[in-house]
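Data first, discussion second: the structure below is written as structure tokens.
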Amino acid sequence: MNRGLRKLANAVRVLGCWAALASLTGGPTLAQNAETGFNQALQAFRAGDRQKAVTVLEAVLKAYPDHAPSHELLGLSLSALGENPEALRHLREAVKLWPDQPVYWINLAILYLRQSRTDEAEKALKQSLEVEPSAPAFRLLGLIRLDQNWGEDAVRLFQKALDLAHDEPESWYYLGLAQQSLAHSEEALHCYEEALKRAPGDFHTQLQMGSLLLSRGQRHQALEHLRVAQAIRPQDAEVYQRLSEAYLGNGDLQQALESARRGADLRPDNCEVHYQLGLVLARLGKSEEAKKEFAISEGLPKKPETTPLERWRALLGEALRNNGPKP
């Protein structure tokens, strides 16, 4: 995942402000004691030892129950361990104690979105924007609108995110998706190009760019992006399906066959890759083999189209598995 998309997915982060902390905890001594335990937990969290972070933070909160940063980090730690109900309790307590921290509201919204609680996520994001406008809050609101099929509203919100942080590739990527949802293919291509200028190694943008070009009949340009996507993720079946489509359109039947077979090997339960393999075999005159692939395709359930929020959750999951949240 590119630096920008990883930053979005890793929006699970903590904002420390120790001058404010002193007033919240009752004076410099209490602040320093709370800070010592908090920093120990933060180091454990960043090192990937979420359980140690939880243990330390629970001890801090036993002594200082109104320490908002510890509630925040404990919520993030518990969420990373899959204990979402308890995580939610602490993230809510953090915004209650320290409501003027916009990132706390964003983190709360992220957990709501992970749980498909869109209305509550939207309220938290609006609270964050009331405190301070930010690109992540506008971007996540845009994602909600895109998921609701309100493409024009999504475009407006992603543009607001870019007004605040023009070089964030994830905002360009999602703006491209929003433009594509409105059938604005030229605008979508421009957005993907801007995203790739800033993050050329992002798999999802390369795949989306290649797929859009392919749908426009620009197969040679599509192949450039699809080959990059293949190099980034050589085990992704969708890439091989798209490559096969492009090769087939160009008349390169052998490459089309190899890509289609590879896609079917990687995802034998996917009806679309079997259908694509059937098309290639039919073009090669192998009618019996083609019929077999078409029959397999017919017998498999058609996978529903991935929604924008499902796509975002997948990206977030990849980031958490590969890198972990980085406060």
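The values are calculated or read from the model by the stated rules, or taken from the named source; none is laboratory data. These numbers come from a predicted model, not from an experiment. Counting neighbours? That spans all protein chains shown, and the Cβs are built from the backbone with ideal geometry, glycine included.
Identify all residues within segment 168-201 that are in contact with a helix residue (DSSP H, G or I) (Cβ under 6 Å, 6 or more places away or on another chain), charged (D, E, K, R) and surrounded by fewer than 22 Cβ atoms within 10 Å (Cβ to Cβ); write none if there are none. Give the steps one after another, and end with the answer.
Of the residues in segment 168-201, the ones in contact with a helix residue (DSSP H, G or I) (Cβ under 6 Å, 6 or more places away or on another chain) are 168-176, 178-182, 187-188, 191-192, 194-196, 198-199.
From what's left, charged (D, E, K, R): 168, 170, 187, 194, 198.
Within segment 168-201, Glu187, Glu194, Arg198 qualify.
Selection of helices (runs of 4 or more DSSP H) fully inside segment 172-256 by the criterion of at least 2 residues being more than 29 Å from Gln159 (Cβ to Cβ) and among the hydroxyl-bearing types (Ser, Thr, Tyr) returns 237-250.
Residues in segment 78-90 that are in contact with a helix residue (DSSP H, G or I) (Cβ under 9 Å, 6 or more places away or on another chain) and either within 16 Å of Ala34 (Cβ to Cβ) or not in a helix (DSSP H, G or I) (or both): Leu81, Glu83, His90.
With respect to Gln255, determine if the residue is modelled with pLDDT of 95 or more, in contact with a Phe, Trp or Tyr (Cβ under 9 Å, 6 or more places away or on another chain) and either aromatic (Phe, Trp, Tyr) or in the same structural domain as Leu212 (by TED's automatic domain parsing) (or both). Yes: the conditions hold for Gln255. Counting only residues that are over 14 Å from the mean Cα position of the chain (by Cα) and in a helix (DSSP H, G or I), segment 147-156 holds 6 of them.
Glu120 falls short on exactly one of the conditions (1) assigned to a helix (DSSP H, G or I); (2) touching a residue at least 12 places away in the same chain (Cβ under 8 Å); (3) farther than 28 Å from Leu243 by Cα, and that condition is (2).
Of the residues Ala256, Ala183, Ala199, which single one is aliphatic (A, V, I, L, M) and out of contact with any Lys or Arg (no Cβ under 9 Å at 6 or more places or on another chain)? Unique residue meeting the criteria: Ala183.
Conditions tested, residue by residue: (1) at positive phi; (2) surrounded by fewer than 23 Cβ atoms within 10 Å (Cβ to Cβ); (3) touching a Ser or Thr at 6+ places or on another chain (Cβ under 8 Å).
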| site | (1), (2), (3) |
| --- | --- |
| Asp147 | no, yes, yes |
| Ala161 | no, no, yes |
| Gln221 | no, yes, no |
| Glu224 | no, yes, no |
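Of the residues making up segment 91-114, those that are outside any helix (DSSP H, G or I) and of a type outside the set (Asp, Glu) are Trp98, Pro99, Gln101.
Hey, could you check segment 82-125 for residues that are hydroxyl-bearing (Ser, Thr, Tyr) and over 26 Å from Tyr64 (Cα atoms) and say which is surrounded by the most Cβ atoms within 10 Å (Cβ to Cβ)? The extreme case among them is Tyr112.
If the condition is being over 22 Å from Tyr275 (Cα atoms) and in contact with an Asp or Glu (Cβ under 9 Å, 6 or more places away or on another chain), then segment 207-249 contributes Met209, Ile232. Can you pull out the residues in segment 220-245 that are closer than 14 Å to Arg267 by Cα and in contact with a Lys or Arg (Cβ under 6 Å, 6 or more places away or on another chain)? Hits for segment 220-245 are Ala237, Tyr240. The criterion of being surrounded by fewer than 17 Cβ atoms within 10 Å (Cβ to Cβ) and free of Cβ contacts under 8 Å to residues at least 40 places away in the same chain holds for Ala231. Gly201 fulfils the conditions (1) touching a residue at least 40 places away in the same chain (Cβ under 8 Å); (2) within 26 Å of Pro133 (Cα to Cα) except for a single criterion, (2).
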